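Rule-based calculations on the coordinates, nothing more; no lab input. Please read these numbers as outputs of a predicted model, since none were measured by experiment. Please note: Cβ atoms are built from the backbone with ideal geometry, for glycine as well, and neighbour counts cover all protein chains shown.
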Amino acid sequence: MQSYLEKRDPTKNLARFHSLMVLPDLFGGWTFEREWGRIGQAGQVRRIYFPSQEEATQALLEVETAKKRRGYWLRPQQLGLF
């Protein structure tokens, strides 16, 4: 599961992003990876490890909901043809 959120306001020179992903790790657990920063630049990354996919997905949904309340919007993802 993944999610990409953006917040833009040209009047305030604001262009921020949050990239959220839930990924399996090599030891049977799950990783919630969160990257954030200014659009077009390298962001900060934080990884949190969970024993189950449900817990990692719940953490992703909580962060996504909090960011939407602060004015971020979910950017639709384009599907590749191949």
* Asked: What's the angle, to the nearest 10 degrees (0 to 90), between helix 53-69's Cα axis and the longest principal axis of the chain?
  -> 10 degrees
* Asked: Roughly how many debye, to the nearest 20, is the charge dipole of the chain about its Cα centre, given +1 on each Lys and Arg Cβ, -1 on each Asp and Glu Cβ, and no other charges?
  -> 580 debye
* To do: Quote the Stokes-Einstein diffusion coefficient, in whole µm² s⁻¹, for the chain, based on the Kirkwood radius over alpha carbon pairs, a temperature of 10 °C and a viscosity of 1.306 mPa s.
  => 116 µm²/s
